[in-house]
Amino acid sequence: MATQSFDIGKAIFWFFIRFGEKPGGALWLFAFQALCALVLVALSVMMMGPAYINLFELIEADANGGLSDADALRLVFDIVMPFLTYGILIIPLSLLFVVMFQGAWLRFLTKGEVKPVVPIRFGGDEIRLIGVNLLYLVVAAVAYFGVAMLIGIFGFGAVMMAHGGGDAGAIGIGGGLLAFVAFLAVLVALLVFAVRLASAPALTVLDGRLRFFESWDASKGVFWQMLISYVVAYAVMMVIGGTLGFVVQLALLAALFPMLIDMAEIAEQGSQVDVDALLASIQSSLSQPGTLLALIVGFFLLYAFQVMLEAVWHSIGAYNAVRVRSGGEGEASDAPTLAADHPMGASPSEG
């Protein structure tokens, strides 16, 4: 079976096509992700809340001038410890959830599959996706050091030429132009690599094996179509996001307006800020049903948009992976096959 041609419209709306095929599974996956995010936020507030309360106490005590060195050290310790605990516990847990949900959404986008009951897993797909993400970081690090090296080379060359008696102004302008051209060249190269390697996570999930540089071959001949798809999808989502964000911000401003007025009045006290009054104002405002409803609805709307944005972004690479594998290529082979124009060179042939 021949590989399907690349359809830009399908690529842009691939997430919505999959959503139409299995809306219940997609909604359950989103709801479960929102629930996990809410739990992480609640844990973060529980862990970081005491740190901010101690910070307010430290500010108040310092303003009143009645803070001894021992008390200051104790308060600083009470402020720092929650941050350390947060870094040790919440950040790794958040990264784990990111990989698990990345795998879940990619299974949905490539196979139309949502696991029952608990839609996330930590298995082979997720472990391989960690490898893919680490390879992305390696490519980004190489690009970063490459840019830094180019800047250093041009800067060193300009200094040496000026030191040798050349026209400092002309050398500076010429060096700056060369550095700018080199910077643009690096950006173009990064753009090419980003698009050509965009299908790696989807191929990894679809094939059930680690796929990274194979994405280069999967995007052969469709670079411009993929780039246009990404640009159009990003523009559409930014328009939707800007409109949604404006509406949510207006609603939150209306709900939190009384608290903002109280905080402004407290701030006018200058160094004599009453921390208890500030905390009481915040607690009173957040205990109002209207404020709570606005915060919850705003959180879910903005989080839903973020999830949809990430899904639409990943769906272009997922569509390309599904398109390439529509001919049955590469599904049964353990060994990756690279074409002759691949940056790493062609795979060795037998016979």
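The values are calculated or read from the model by the stated rules, or taken from the named source; none is laboratory data. All of these numbers come straight from a predicted model, not from anything done at the bench. Positions of Cβ are generated from backbone atoms using ideal geometry, with glycine treated the same way; all protein chains shown enter the neighbour counts.
Test each condition in (1) modelled with pLDDT of 60 or more; (2) within 31 Å of the chain's Cα centre (by Cα) for Gln288 and report the one that comes out false.
Just one mismatch for Gln288, condition (2).
Yes or no: Val138 modelled with pLDDT of 85 or more and either over 30 Å from Glu21 (Cα atoms) or surrounded by 13 or more Cβ atoms within 10 Å (Cβ to Cβ) (or both)?
Yes.
Looking at segment 233-244, can you tell me whether even one residue there is closer than 19 Å to Arg323 by Cα and either at pLDDT 85 or above or not assigned by TED's automatic domain parsing to the domain that holds Leu150 (or both)?
yes
Quick one: is Ile296 at pLDDT 70 or above and surrounded by 11 or more Cβ atoms within 10 Å (Cβ to Cβ)?
Against the criterion (at pLDDT 70 or above and surrounded by 11 or more Cβ atoms within 10 Å (Cβ to Cβ)), Ile296 qualifies.
Yes or no: Gly327 part of a loop (DSSP other than H, G, I, E, B), within 26 Å of Arg107 (Cβ to Cβ) and at pLDDT 55 or above?
In short, yes.
Pull out all pairs, ordered by first then second residue, where Cβ-Cβ is under 8 Å, the residues are six or more apart or on different chains, the first lies in segment 206-230 and is in contact (Cβ under 8 Å) with a residue 24 or more places away in the chain, and the second is of a type in the set (Asp, Glu) and buried (at least 18 other Cβ atoms within 10 Å of the Cβ).
Close Cβ pairs satisfying both conditions: Gly208/Asp125.
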